[in-house]
Amino acid sequence: MNLDKAKKRIEKLAKRGFKGYPVVSFEYFGATADTATEVVVTFTSEEGAAPQAQKFASKSDAREDETIQSVLVKTIERTDASTVSVVDGVSIIK
């Protein structure tokens, strides 16, 4: 999938807000606030359920990695997520 198309799709779904379960959330991590080298995908199937997490890493900025962004879109589709959330910015890895 095209990088711009994937990013726009994720952004559009995230802007909808909470629409119920299942929930997929994305949080980007990096050594600096300018470059996200990792993204953690968290899936919660229902309220009170234990979340499942998976991490993807990139040598460059994960937000600009076409493969990672395409995987994120496919994750949303395959989990049939009602809610998509994206944590703003890049969390610093310590």
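The values are calculated or read from the model by the stated rules, or taken from the named source; none is laboratory data. A quick note: this is a predicted structure, and the numbers were derived from the prediction, not measured. All Cβ positions, even for glycine, are placed from backbone atoms using ideal geometry, and neighbour counts span all protein chains on display.
Within the stretch 1-58, the set of residues being hydroxyl-bearing (S, T, Y) and within 23 Å of I92 (Cβ to Cβ) comprises S25, Y28, T32, T35, T37, T42, S58.
Go through the stretch 19-38 and give me each residue that's assigned to a strand (DSSP E or B), farther than 18 Å from K74 by Cα and either in contact with a Ser or Thr (Cβ under 6 Å, 6 or more places away or on another chain) or not polar (S, T, N, Q) (or both). Quick ask: steps written out before the conclusion?
Just the residues of the stretch 19-38 that are assigned to a strand (DSSP E or B), to begin with: 23-30, 32, 35, 38.
Checking which are farther than 18 Å from K74 by Cα leaves us with 29-30, 32, 35.
Result: F29, G30.
I'm trying to understand the selection: among the residues of the stretch 14-36, which are within 15 Å of V87 (Cβ to Cβ), surrounded by 14 or more Cβ atoms within 10 Å (Cβ to Cβ) and not aliphatic (A, V, I, L, M)?
Taking the stretch 14-36 and keeping what is within 15 Å of V87 (Cβ to Cβ), we get 14-15, 17-18, 23-30, 33, 36.
Filter again for surrounded by 14 or more Cβ atoms within 10 Å (Cβ to Cβ), leaving 14, 23-30, 36.
The answer is S25, F26, E27, Y28, F29, G30.
Candidates are the residues of the stretch 47-94 that are of a type in the set (D, E, K, R) and outside any loop (DSSP other than H, G, I, E, B); the one that is surrounded by the fewest Cβ atoms within 10 Å (Cβ to Cβ) is D88. Applying the set (1) part of a loop (DSSP other than H, G, I, E, B); (2) at pLDDT 95 or above; (3) among the hydrophobic types (A, V, I, L, M, F, W, C) to V41 leaves exactly one unmet item: (1).
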